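Read-outs: derived from the displayed coordinates by stated rules, not from any lab. Note that the structure is a prediction, hence the values are computed from the model and not measured. Backbone-built Cβ (ideal geometry, glycine too); neighbour counts: all protein chains shown.
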């Protein structure tokens, strides 16, 4: 899908937008909301003093605060951009100060298990519309964000059917205003799909980098030196934020273990083909996987450039 | 390690250089040898007529031929750039026409098992100096190559101790002339190191992409749509040439299965931590893997740019 060429909204669709947690995602939302005029006032709420100081320096929010009341009062939409394990506590802290008609959303990578952590805290008249933008890099913190992070990417919303349609529409409008394509599905289905597209790949990447780190004979220095032969791709994913990923695995364990089971079955078959020298089976397996990448590129979810477009030495 | 700023050699160190198989690697060697004036005459030998026609069109070789005798006669250095499983046959075909003092080399990703396929074919006075450049992309064919592919990358040579030192020096000079850093080690050690830095990562990537392709509930179209959450990184590796990779696994099976065994042990421990909700263990495992990526970036084997430097939508 093509990137959108976004115009600023004439009147901001949100009066006051509160972003809780100014990491990669939160700070990107702040930048995009400013850039595309999606909120009259952008409030950055973070309990880490160093992060607040940096956000103020960067000038990406209108209000920077560590106080839940100041962050929540009079806001139209709160987006919780903290690790999945911290979402419940963040919601509980803000809940007493939310006005009726306010909307609470988040960007967490697990949807099922976490609803129970938020919903009970919310007062009547406050809608919960959870979301998950499929976008990011391996970097963390307020300096890592950028305004176009969501442009041309998908954002999944998982509102139960009973959710106020107007609230869902407002959250959808925010994401579309940042250039994202929005799809809605059940929390359970989300967690199932993300287990294979995201959680299992991260588990595998963390694992193989760990295996390499433990080798005696092939020393670590050789692994690092010769990493360009494939290994270095895995290290990017395995450099992602440890707290965020710990929380994802703790909260989506059933879907992850189910996908891991399938992965292991397939890996046993592949290992058997290697052991028995079954070249025909290997070739067949290695051929069908190419088509998937072609589709991802065709749908605009990946660059067509070789090697992810990694910089090449110039031909001098 | 910094990229080299290469100057053309004043006099080419090789009179005649024959490249057998004009794929990604072979055509990159042809381009680099021309660019940096490393051979008086560059001969491209390929048995595929379509490849020969394209190489002639691209103008990256002085002589383009499908005839082993024309390719081998009077040449100083032959580099076999064909899949590992085809190296023995290619060497056998050329051997009768090689002059005494000629050198035979290759670029194969497996070193141990394949020596036996080449050495018996070579006449007396012809040295075998095997090599493996740690460089490439997921693309194949003569159009995919480029002159700076080896610049700042490593090339491993695996000559037995009995090999003529002058022959090793000439092969080393060719790679250094193309900007590569050269290291020598035993074929056995090479295969062991590459099993973890390259072969196992490819096996894992092919496997997870295959697992995703087989899912019923989460349809393929959703996997493709939401691939940007991690999965798409794996599809790049799993888009590599199937014949090349079949041959690698068939020829380095012991080292690959040994590394796979370690990987599986670690994965079982990780799965157990997920199942039992051991957040502390997960966090510890996810923390130590970050350092390895930092070292790879520090040593110039990886870009420091987020997301491999994938193109971002411009802030319009």
Residue B:254 versus residue B:89: modelled label distance in nm, points set 7 Å from Cα along the beta carbon direction: 2.6 nm
With chain B treated as a Gaussian network of Cα nodes joined by springs under 10 Å, which of B:284, B:147, B:53 yields the largest mean-square fluctuation? B:284
Cα gyration tensor of region A:14-185, axes a ≥ b ≥ c as square roots of the eigenvalues: rounded (a/c below 1.5), prolate (a/b > b/c) or oblate? rounded
Which distances, in nm and shortest first, link the residue A:59 label point to the same label point in every other copy, taking 7 Å along Cα→Cβ? 5.2
Given the -39500 (n - 2.57) contribution per DSSP H run of 4+ residues, what per-residue ellipticity at 222 nm results for chain B, rounded to the nearest 500 deg cm²/dmol? -13500 deg cm²/dmol
Nm distances between the label at residue A:183 and the same-position labels in the remaining copies, 7 Å along Cα→Cβ, shortest first? 4.2
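If contacts are Cα pairs under 8 angstrom and at least 6 residues apart, what is the relative contact order of region B:189-308 in percent?
Dividing the mean separation by the residue count of region B:189-308 yields 28 percent.
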Kirkwood Rh, Cα atoms: Rg over Rh of region A:189-302: 0.99
Distance from region B:248-316 to region A:50-95 (C-alpha centre basis), Å: 32 Å
Would you mind putting A:125-138, A:264-277, B:188-201 in packing order, based on average other-beta-carbon counts within 10 Å, highest first? B:188-201, A:125-138, A:264-277
Kindly rank B:250-262, A:242-254 from highest to lowest mean number of other beta carbons found within 10 Å of each residue. A:242-254, B:250-262
Would you mind computing Rg(Cα) / (2.2 N^0.38 Å) for the protein assembly as shown, counting N as its residues? 1.06
Helix B:253-275 versus the longest principal axis of chain B: what is the Cα-based angle in degrees, 0 to 90, to the nearest 10? 20 degrees
Helix A:242-251: angle to the longest alpha-carbon principal axis of chain A, degrees 0 to 90, nearest 10? 90 degrees
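Report the calculated FRET efficiency for residue A:165 and residue B:269 (r = Cβ-Cβ distance, R0 = 35 Å), to the nearest 0.05.
0.15
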By how many degrees, between 0 and 90 and to the nearest 10, does the Cα long axis of helix A:49-58 differ from the longest principal axis of chain A? 80 degrees
To the nearest whole number, what is the average tally of beta carbon atoms from other chains within 10 Å of the beta carbons of peptide A:272-282? 4
Can you sort B:38, B:22, A:122 so the residue with the fewest Cβ neighbours within 10 Å comes first? A:122, B:38, B:22
Computed on Cα atoms, Rg of chain A relative to 2.2 N^0.38 Å comes out at 1.10
Relative contact order (percent, whole number), region B:14-185, Cα cutoff 8 Å, 6+ residue spacing: 24 percent
Go ahead and set up a Gaussian network model of chain A, Cα springs under 10 Å, then flag whichever of A:296, A:237, A:156 fluctuates most. A:296
Put a label point 7 Å from Cα along the Cβ direction on residue A:304, then list its distances to the equivalent points in the other copies in nm, shortest first. 3.2
Neighbouring Cβ atoms within 10 Å as the yardstick, rank B:155, A:81 fewest first. B:155, A:81
With a Förster distance of 25 angstrom and the Cβ-Cβ distance between residue B:62 and residue B:8, calculated FRET efficiency to the nearest 0.05 equals 0.95
Per-residue average of other protein chain Cβ atoms inside 10 Å, peptide A:255-265 -> 4
Peptide-level mean, for B:294-304, of C-beta atoms on other protein chains within 10 Å: 5
Sorted from fewest to most neighbouring beta carbons within 10 Å, what does the list A:234, A:226 look like? A:226, A:234
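Using only alpha carbon pairs under 8 Å that are at least six residues apart, calculate the relative contact order of chain A and give it in whole percent.
Relative contact order of chain A: 17 percent.
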For the axis mapping B onto A, the chain B residue whose beta carbon sits nearest, plus its rounded distance in angstrom, comes out as B:308, 2
Pick from B:102, B:165, B:304: which residue has the top mean-square fluctuation in a GNM of chain B where Cα pairs under 10 Å get a spring? B:304
